[in-house]
1. Note the full-extension length gain between Phe4 and Arg106 as 0.36 nm times their separation in residues minus their Cα-Cα distance, in nm to one decimal.
2. Any idea of the accessible area per residue across the range 5-200, 1.4 Å probe, to the nearest Å²?
3. Arrange the peptides 131-137, 99-105 so that the one whose residues have, on average, the most other Cβ atoms within 10 Å appears first.
4. Where does each of 152-159, 117-124, 3-10 land if you order them by average Cβ count within 10 Å, highest first?
5. Using Cα pairs closer than 8 Å and at least 6 residues apart in sequence, work out the relative contact order for the range 5-200, in percent.
6. Work through the residues other than Lys161 whose Cβ is under 11 Å from its Cβ and net out their charges, Lys, Arg +1 and Asp, Glu -1.
7. Rounded to whole Å and sorted largest first, list the principal axis extents of the Cα atoms in the chain.
8. Restricting the count to DSSP beta bridges whose residues both fall in the chain, what percent are antiparallel, rounded to a multiple of 5?
Amino acid sequence: MAPFLYLASQSPRRRQLLEQLGVAHELLLPNAAGDIAEDAEAIEADLVGEDPHDYVQRVTAGKLDAAVARHARRGLPAAPILCSDTTVALGKQILGKPTDAEDARRILRLLSGAEHEVLTAVALQSGGRRLQALSVSTVRFAPMTEAQIDAYVLTGEPMGKAGAYGIQGRAAAHIEQIRGSYSAIMGLPVYETAELLRELGWPL
């Protein structure tokens, strides 16, 4: 049987990036029929004064813990479990997923004309072994007018995305510069993920 891993993420972008690596995978998602309910929001809640770098790594580890428990409850075949999380930080301020359109506008006003960090942590569990990595990239938005912000929010793209934008979508028209990993900004650092898999002896 060809090797595969479990991806504990609903993100289609992470699936796409794993496919780019040629890694076979199956989804291991919470709240399936017959399973116990899981509270993802509780894992993602930030702690007062928490550094964004610490936050994204803690959340990723928490999501992986939940996925490992989910795998055991469901009695699934053994395979590595991969989890990743992305956080946008403006200085020490964590900019999460917008709660509604007005919150998306607020976040985009903060990013307009400014430089921010995109932090993506990835964690891989194989049996009792856990490997982790963190990718840090910098993104600079051009100044955006209120009309441009409104038009972007109306596309619906900001919803469900940390920092209220997706670099692979229409937001790219407002991004002047990136330094770091484009795939990590999308949601999964391909190089770091490949390195973790190689460490496990995965045939990439």
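The values are calculated or read from the model by the stated rules, or taken from the named source; none is laboratory data. Because the structure is a prediction, the values reported are computed rather than measured. Virtual Cβ from ideal backbone geometry, glycine too; neighbours counted across all protein chains shown. Ligands, DNA and RNA are excluded from the accessible area calculation, which covers all protein heavy atoms including side chains. Shrake-Rupley method; radii C 1.70, N 1.55, O 1.52, S 1.80 Å.
1. Going from the current span to full extension adds 32.6 nm.
2. Spelled out: the 1.4 Å probe surface of the range 5-200, per residue, equals 47 Å².
3. By packing density, highest mean first, the sequence is 131-137, 99-105.
4. 117-124, 3-10, 152-159
5. Numbers: 344 pairs, mean separation 43.3, N = 196.
22 percent.
6. It works out to a net charge of +1.
7. 53, 35, 32
8. Bridges in the chain are about 85 percent antiparallel.
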